[in-house]
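A short write-up of the structure that comes next.
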Amino acid sequence: TSLLPCFSPPLPIPVVSCLSNLFSSPPLAGDITQKGYEKKRSKLIGAFLPKAPGKGKYHSSNQNTNRVCCNVVNSVFSLSPQGMDPSVPHERRTPVTPGSSSRYHRRRSSGSRDERYRSDVHTEAVQAALAKQKERGKMAVPMPSKRRSLVVQSSMDAYTPPDTSSGSEEEGSMQGEGTPTSSQGSINMENWISRAIHGSTTSSTTSSSSTQSGGSGAASRLADVMGQTHLENHSTPPDVTGYTTDSIQVERPQGSTTASRATPKYGNAELMETGDGVPVGGRVSAKIQQLVNTLKRPKRPPLREFFVDDFEELLEVQQPDPNQPKAEGAQMLAMRGEQLGVVTNWPPSLEAALQRWGTISPKAPCLTTMDTNGKPLYILTYGKLWVRSMKVAYNILHKLGSKQEPMVRPGDRVALVFPNNDPAAFMVAFYGCLLAELVPVPIEVPLTRKDAGSQQIGFLLGSCGVTVALTSDACHKGLPKSTTGEIPQFKGWPKLLWFVTESKHLSKPPRDWFPHIKDANNDTAYIEYKTCKDGSVLGVTVMRIALLTHCQALTQSCGYTEAETIVNVLDFKKDVGLWHGILTSVMNMMHVISIPYSLMKVNPLSWIQKVGQYKAKVACVKSRDMHWALVAHKDQRDVNLSSLRMLVVADGSNPWSISSCDAFLNVFQSKGLKPEVICPCASSPEALTVAIRRPTDDSNQPPGRGVLSMQGLSHGVIRVDSEEKLSVLTLQDVGTAMPGALMCVVKPDGVPQLCKTDEIGELCVCSVATGTSYYGLSGMTKNTFEVFPMNSVGAPISEYPFTRTGLLGFVGPGGLCFIAGKMDGLMVVGGRRHNADDIVATALAVEPMKFVYRGRIAVFSISVLHDERIVVVAEQRPDSTEEDSFQWMSRVLQAIDGIHQVGVYCLALVPSNTLPKTPLGGIHLSETKQLFLEGSLHPCNVLMCPHTCVTNLPKPRQKQPEIGPASVMVGNLVSGKRIAQASGRDLGQMEDNDQARKFLFLSEVLQWRAQTTPDHVLYTLLNSRGTIASSLSCVQLHKRAEKIATMLAERGHLQDGDHVALVYPPGMSVTVHHNNMSLSIPTFRLAVSRSACMMTTAVICKLLRSKEASAAVDVRTWPPVLDTDDLPKKKPPLLYKPSNPDTLAYLDFSVSTTGMLAGVKMSHTATSAFCRSIKLQCELYPSREVAICLDPYCGLGFVIWCLCSVYSGHQSILIPPSELEVNPALWLLAVSQYKVRDTFCSYSVMELCTKGLGLQTESLKSRGLDLSRVRTCVVVAEERPRIALTQSFSKLFKDLGLHPRAVSTSFGCRVNLAVCLQPHRLGKLADQGTSGPDPTTVYVDMRALRHDRERVILPGVRIIIANPETKGPLGDSHLGEIWVCSGHNASGYFTVYGDEALQSDHFNSRLSFGDTQTIWACTGYLGFLRRTELTDASGERHDALYVVGALDEAMELRGMRYHPIDIETSVIRTHKSITECAVFTWTNLLVVVVELDGSEQEALDLVPLVTNVVLEEHYLIVGVVVVVDIGVIPINSRGEKQRMHLRDGFLADQLDPIYVAYNM
């Protein structure tokens, strides 16, 4: 520290670098800005220095950061001074004396931290843990990128504008004193606005840029990422991420304004090697690189063992650490509370007590209620209570229903619905029910029809058979009403009769009527509701004898006497508030002063003032009431607590209540508060009061304290104050067991075995005074209320059953109970136990503490991939900036990791006041979890850390042994497996009367048809109205083709073998021109460069010569353009006939889904064979009509649109897909109108129909649409079938007569444009016997991925499955590359760039062993063959080909091959707003892009859901989640996703995403 006070810039570089090592920016501050760095540095230095001399620039924010350690450390803590972080000066640790209370108040005046968790020692521990993490060096996490509208939403919608002054240290170092200037204040928003404008070259990135509030430019950010070490300009912090590369020097602009630092759109394109060694520029890739580098760091030790999961998938199982602490103590003994002394004048039942006091001393005050000003509102005396309760009892029993059929009989359950500010009405109704022998079920007042958890309360009422609800007049008026004035039925609630219990509405009971008062028995007295961890609501039944015994035990242990005054701040409807303030008080004729929650909100000191005013002996409070009083206390005069003999702390079982107790004592000891008065108690709905500290007069006996190691606790053992001083939990005792009770501690899971003395377990109680069951749930009751604890030899320790309390803890020396947490808050992560409350406390201790709005934070666990994962959700303050949020989140992750040694799976921030609330204003945990899981929490910031947390992924796959040459020798049976090969029917053997076979060339076939059937119509083109736009007969087609040939020869001066580019919209013209010589291409610019001329229509000619076109491409580089709308009139010369059928007929160009443009050469022979194959498979002949609705540019689509009709002579009805955008029903209406039996379409057409006509099936039916004649509807594609789409299409149009088996898919690829085509035959057919088997779905592979419908292989096609690496044949059902041998294989790639050798082996590959003679073409697709049980026409068993996906698209991750479509299918299912999804990998990270159909506020909901589903279903960790608008994922003309284009767009930062999350 001697170095620091004299620290002033500039310093020599080594010193700067050393300091930055010490105070490096936090691990998660992605692209850290100047402001963030200054803030951190001043905070750190400020925290450890007394006061730095001179107001240098590094100390500009000292005044608000010196609050790091507020030391209200009570001297009773057994933490030695040496235990603290040595860097905190010793003198700062003095305990606060009573005199310094005002200082305490000032420091804590915000009150925004959740009182339950305030512990200053813990705060110091957290700060120290963070400092330790800093010393370890940083892990850089890219900050998420957010669209501006989202940023504005999260900060501005939340009621207050962002505080621009929070940017005061923005560029502080440049201004000298760090004072804000107007330009800096507005830098944030301006920066955003400039980024939102795409074209702005000065903005540092496009609008998808992340939220750096400083304008530190792409260059400086990249330099940060690259770990730049040598800096001339000290204003930007050096980054010490540990992967420095000195070789890259970045010129840093020296200016101090945003604009001068900004760089052009893609940064300076600094070179960055990716995993594939590809140099890239741009911010996105920089962030990804940063993430990759962070993830390279080892986080957890590698795990060894594996267990076999249901899918035979190897998942790692967390092995216990051999060094972990184990319990070593002896087995514990059950602890017995003192004898329950029976005092002679105790009443035989509670009703008897009420009768006694109501008649003996009717004037004695029973209950005083307060208004919101703290004035007594109403005093209920024992006389009034007795009379009114009788009245209520009489009226319920006799005035509801008829005399013969009363609505309510003794023993029935009734609901009590009273607001928290009306205890008197509640008390009258409660005792009225007891007198009428009814069972009251107190519940919260429903405020709206959709209260959090209200539905579950309704379920409880329904299962209890409640038909009547008692309520007060005021409450009844306040309930939500329908337009008719009736109270609506709340969601999930039974039908209720609302009964108002005010005396004025009731009739007086007759003189001779008297309630039946019995001694306490085993009948149910009341039912207390309890909300479980999963949100379900259970009713705990308490018997009358338990009720009385509990009151007696409380009376004895608290020493209650007649007419004492007790102040109650708790909820009087349940738990401690009910037991002390409504029940035990009446037994002892005490006077209760009830303080409503509404008064506490206005005046937190009210309860303390009432204690003094009424000289109350007892007060029942929670630790938060003590904390609020501390915060509000300003040395008031009227505070006197000397009358208190007992202060019951109801949530004493929360380990974090201790700090409130200590601080309260410190401040109020001077006001007469005695230390022994504070009595924490532990309770649960099931076991009622479990333990309570007795008020002793002997102040020499200090209360019990335990400072326990959290590390030990996480392994379930008690270790007092371990060496690791940071992770400790200080517990206070909650006294001893209740009088008359037996208590023991059992293991929390499995058999209820007694714990050892140094082991944490669940407390169990055996006593009359506990609940007896969960109403109506016998199974759960047995598990909780009928537990028989076992000793080490397995014998029960008692013949009586114990009740589980739901509390985790241990019994210490002297029988004192210590509670370390609740079963409901327990999260078992990787075999270690963590308590939700402890995690909350740690998060709340992170600076800035006021970041979390009013301390509202929820911690729960969700189950992902066979383990629990921790989720933290916090409300952020309305004025917090993106930068603040991210800084805070990153610190929380480190703090939790440092103190609990556990990773947080997801940290989400929501705008203030948006988490669901419980009736008293706390957070409704189960509802929050529910919203999170269903994706409707709408967070404004999310940070997922699956890489850090998920350590049980399966081990990477090992390669399977393959079939080797030796096994092939044996023949085709390889170790019990056939070699995977199959073939379609043999073309040569099929005798058919196919005249077209005589001709080698299609042009000859056309000529022959033009001569024999000149007027037979081959093509009909429809327009969007469904009418015929044009048609072509054989002779018309032939004539036009001849004219074009002439034009090409004359105007184009073309030679045999020249290439011609065709540029046409879908329609007739493509067909006509192709039938001479052609080349069909969608992405024609590349291909055109090699063609001799180009043919197109007049309209496109005009377009190509327009200004707009010349801006995109230089027209002078184009070949001559021929306009075919203007054809020569004269007769052509003799028809050309190619000399050799193996010459090129046409080139088929297509963009593959991986974004590669590939042209394939098709010879005349192949073209004819192709047409013949299709003709035979689809049984096409001149009398048939086929409807075609797909893009006619390449592959099978082109052949069907342009060539097949010429070869087979059938009529093709052409429907351009673009027309469907105007009229979605066009294709199906045409099919119906022309009574078509066979139709071909593309996936995009099918999707358009499914989405566009989903709701119109009825109206289409009425228009006469009938699809019952359709035998085959084939989807043409070069990808794996989209099963979900074809199935929903079939389901949707089933009502219009579509046969479910009619829909099928074809499969083609570049080397063979149609490998399979499966028209399903529905009827018995002619002697061809081609009826294919039913399509089936196969569940394949351990992940049960749904692969594919089987494909019938086209006639003349042979298939084998080969290993893509070794080129050896594979066995049946093994996954490998599909190789094809067929007459219509393409003869090679026509590559535009002339490197044809590159892929020539695709077309003539040979197997490395086995049948090495045959020449195969590799399809580039993975699949497998499987012999089915079905037979084909010849009686042979049928081989089915299953296509899994393209080899190029398959992603190798963790040694396994994944297909994007499988992951995408899972992702699309997770949320209703995800319309489309595409995945790709980048430097071994999986990137998931989802299109959002919904408001941008939903974008962040998707991040956890996407991460969860990919982990659960594919065992993969998503690296980056990108949420984009609808239509951003590029799709080609066949409806296939262009994932590589998407990847390029993402890396070049061109997607304008709504949100980009980088998972840690």
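Would you mind calculating the relative contact order of region 1179-1278 from Cα pairs under 8 angstrom and at least 6 residues apart, reporting the percent as a whole number?
32 percent
By accessible area of protein heavy atoms, probe 1.4 Å, what ranking do Lys495, Lys146, Lys782 get, highest first? The partial results should precede the final answer.
Values: Lys495 160, Lys146 5, Lys782 130 Å².
Of Lys495, Lys146, Lys782, the descending order of accessible area is Lys495, Lys782, Lys146.
Please report Rg over Rh for region 396-547, where both radii come from the alpha carbon positions and Rh follows the Kirkwood definition.
The Rg/Rh ratio comes out at 0.96.
Viscosity 1.306 mPa s, temperature 10 °C: Stokes-Einstein D of region 727-824 from its Kirkwood Cα radius, in µm² per second?
Details: Rh = 14.0 Å.
Reported coefficient: 114 µm²/s.
Could you state how much accessible area Trp656 has, in square angstrom rounded to the nearest 10, with a 1.4 Å probe and all protein chains kept in place?
Ignoring ligands and nucleic acids, Trp656 comes out at about 10 Å².
Figure the gain on full extension for Arg1263 and Thr359 (residue separation times 0.36 nm, minus the Cα-Cα span) and round it to one decimal in nm.
317.1 nm
Post the alpha-carbon centroid distance, region 614-646 to region 994-1068, in whole angstrom.
98 Å
How far apart, in nm, are two points set 7 Å out from the Cα along the Cα-to-Cβ line at Glu1512 and at Asp638?
Calculated label separation equals 5.7 nm.
State, to one decimal in nm, how far the label point of Lys782 lies from the label point of Ser936, with both points 7 Å from Cα in the Cβ direction.
Spacing of the two 7 Å Cα→Cβ label points: 3.7 nm.
Provide the descending list of Cα extents for region 1246-1308 along its principal axes, expressed in whole angstroms.
That works out to 38, 23, 14 Å along the principal axes.
Which links in Lys574/Lys601; Lys533/Lys917; Lys504/Lys917 stretch past 27 Å when you go from one Cα to the other?
On the way: Lys574/Lys601 20 Å; Lys533/Lys917 15 Å; Lys504/Lys917 35 Å.
As for pairs spanning more than 27 Å Cα to Cα, those are Lys504/Lys917.
Accessible area, 1.4 Å probe, largest first: how do Leu1104, Leu1370 sort?
On the way: Leu1104 30, Leu1370 10 Å².
Descending order: Leu1104, Leu1370.
Leaving out ligands, DNA and RNA, what percent of the accessible area of region 745-857 is carbon and sulfur, probe 1.4 Å? Walk me through the numbers on the way to the answer.
Working: 2320 of 4120 Å².
Exposed carbon and sulfur together represent 56 percent of the surface.
D for region 546-704, whole µm²/s, Stokes-Einstein with Kirkwood Rh over alpha-carbon pairs at 10 °C and 1.306 mPa s: what number? Mind showing how you got there, number by number?
Values: Rh = 15.6 Å.
After rounding, the answer is 102 µm²/s.
I'm a student and want to see the number: the projected area of the Cα convex hull of region 1197-1256, averaged over all directions, in nm².
Mean shadow area of the hull around the Cα atoms is 4.3 nm².
Considering region 840-890, what Rg and Dmax in Å follow from its alpha-carbon atoms?
Rg, Dmax (Cα atoms, Å): 12.3, 39.
Quick check on region 357-432: take the gyration tensor over C-alpha atoms, sort the square-rooted eigenvalues as a ≥ b ≥ c, and tell me if it's rounded (a/c under 1.5), prolate or oblate.
oblate
Expressed in nm to one decimal, what extension gain is obtained for the pair Asn791 and Ser863 from 0.36 nm per residue of sequence separation less their Cα-Cα distance?
Using 0.36 nm per residue and subtracting the Cα-Cα distance, I get 22.7 nm.
What does the extension gain come out to for Asp1015 and Glu1221, with contour length at 0.36 nm per residue minus their alpha carbon separation?
Gain on extension, Asp1015 to Glu1221, equals 70.9 nm.
Using the reciprocal of the averaged 1/r over all distinct C-alpha pairs, how large is the Kirkwood radius of region 635-680 in Å?
This gives a value of 11.1 Å.
Under 8 Å for C-alpha pairs, at least 6 residues apart: give me the relative contact order for region 525-575, rounded to a whole percent.
For region 525-575, the relative contact order is 26 percent.
Mind checking the dipole of region 337-491: about its Cα centre, +1 per Lys or Arg Cβ, -1 per Asp or Glu Cβ, Debye to the nearest 20? Walk me through the intermediate numbers first.
Working: 15 positive and 11 negative charges, 78 e Å.
The calculated dipole for region 337-491 is roughly 380 debye.
Residues with amide H under 5 Å of Ser683's amide H, sequence separation 5 or more or different chain, H placed in the peptide plane at 1.01 Å from N; which?
Excluding prolines and chain starts, which carry no amide H, the hits are Ser653, Val690.
With charges set only on the Cβ (+1 for Lys and Arg, -1 for Asp and Glu), what does the dipole of region 474-530 come to about its Cα centre, in debye to the nearest 20?
That gives a dipole near 280 debye.
With the crude spin-label approximation of a point 7 Å out along Cα→Cβ, what separation in nm comes out for Glu799 versus Val343?
In this crude spin-label approximation the distance works out to 3.3 nm.
Can you tell me what the convex hull of the Cα atoms of region 546-630 projects to on average, as an area in nm²?
5.3 nm²
The values are calculated or read from the model by the stated rules, or taken from the named source; none is laboratory data. Bear in mind that the values here come from a model prediction, so they are computed numbers and not experimental data. As a convention, Cβ positions derive from the backbone with ideal geometry for all residues, glycine included, and neighbour counts pool all protein chains shown. Note: accessible area is taken over every heavy atom of the protein model, side chains too, but ligands, DNA and RNA are not part of it. Shrake-Rupley method; radii C 1.70, N 1.55, O 1.52, S 1.80 Å.
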